[in-house]
Amino acid sequence: MKFIDEATIKVYAGDGGNGVATFRREKYEPMGGPNGGDGGRGGSIYAVADRNINTLVDYRYTRTFRAQRGENGRGSDQYGAGGEDLILRVPVGTVISNKATEQVLIDLAEHGQQALLAKGGNGGLGNIHFKSSVNRSPRQCTKGEPGEEFELYFELKVLADVGLLGMPNAGKSTFIRSVSAAKPKVADYPFTTLHPNLGVVRVDTNRSFVIADIPGLIEGAAEGAGLGHQFLRHLARTRLLLHLVDIAPFDESVDPVKEARAIVEELRKYDESLYQKPRWLVLNKVDMLSDSAEVVAAFVRDYGWEGRVFAISALAGIGCKELTYAIMEHIESVRAGEHAQEDQDGLPAA
């Protein structure tokens, strides 16, 4: 199935039914009086996060959604039936915005979370509401209110703890295959990854984290070059970025230090908050080097990197286990800090 992570749709809530002006006409009841019922409420449109849905492909080809209109009122004090609500199910992690104002309406980050997108119109009033001591036979009634209508923008940001960043063919897909059960496509040509892949890395019985692999970035990605810029949004929720670098490029003219700097610059141009996220340097393909320790030290020196650095071979599995345990410890410490902050925010004021 094609991965779709954005869509624009139009939603139309149901109009309210009209009220009616009718009068009771029965034998032996010449002065029966008004008995026109109200119109029914129009159906509303809701969005619900569903963990069983992975993409927004359902909203790429069906772009208009209308809720049911409320029924008109009838005589004999009969009210019209309300319109049925419409439920739009979306993947967990979907951000919904108003297309016209670009205002974010809701971030559906949890399974089962629900949001009202468009409210149905109220039904009109029948003439039974207008009778009084001075108006025994009212002929007025009101029409139903129109339902709300909006053009909405759906954007999916996958929920992952760790994001992989790097040039095409840096070994990101091989790494995620090595440490998780995910099986993204791997080949000896660039841009083999065409959409994000998620993998669950389990380091112990009850210890695991989710890792996201997106298409590789190239220089100029922030201006639209290549594929990766389209999927950088999926790194927004991550707690840690792994910058994978091919330390042993097949083409000797390629400078790994220059490529690493270009990737980080594209990240900064795209989103400053993404650039500020914790980021570790992972030097891949050390199995291709005879003097890996010396090459790694030279790269770190030339790159001017002062953060954490790991030398691995995703294909041979060298250093992968140590890296996953280090990631798990980092994720657990971040989660503990988040929970402590939530507990602190939830304490009653002194």
### Qualifying residues in region 265-279 (those that are at pLDDT 85 or above and surrounded by fewer than 15 Cβ atoms within 10 Å (Cβ to Cβ)) - the one nearest to L242 (Cα to Cα)
P278
### Query
Which helices (runs of 4 or more DSSP H) sit wholly inside region 245-350 and have at least 1 residues that are within 21 Å of R202 (Cα to Cα)?
320-346
### Query
For region 10-48, which residues satisfy the criterion of being under 41 Å from the mean Cα position of the chain (by Cα) and assigned to a strand (DSSP E or B)?
K10, V11, Y12, I45, Y46, A47, V48
### Task
Kindly indicate which of V286, V296, V300, V282 is surrounded by fewer than 18 Cβ atoms within 10 Å (Cβ to Cβ) and assigned by TED's automatic domain parsing to the domain that holds S180.
V300
### Query
From the residues in region 49-63 that are in a loop (DSSP other than H, G, I, E, B) and out of contact with any Leu (no Cβ under 6 Å at 6 or more places or on another chain), which one is modelled with the lowest pLDDT?
N54
### Task
Examine region 221-239 for a residue that is touching a helix residue (DSSP H, G or I) at 6+ places or on another chain (Cβ under 6 Å), under 26 Å from P91 (Cα atoms) and at pLDDT 80 or above, and state whether such a residue exists.
yes
#### Entry: Unmet criterion (only one of (1) crowded, with 21+ Cβ neighbours inside 10 Å; (2) within 30 Å of L235 (Cα to Cα); (3) hydroxyl-bearing (S, T, Y)) for S44
(2)
### Query
Taking region 132-167 as the region of interest, how many residues are in a loop (DSSP other than H, G, I, E, B) and in contact with a strand residue (DSSP E or B) (Cβ under 8 Å, 6 or more places away or on another chain)?
11
### Query
Within region 93-113, can one find any residue that is under 22 Å from C141 (Cβ atoms), of a type outside the set (S, T, Y) and modelled with pLDDT of 90 or more?
no
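The values are calculated or read from the model by the stated rules, or taken from the named source; none is laboratory data. Every value quoted in this text rests on a predicted model; they were computed, and no experiment measured them. Cβ atoms come from the backbone with ideal geometry, glycine included; neighbour counts cover every protein chain shown.
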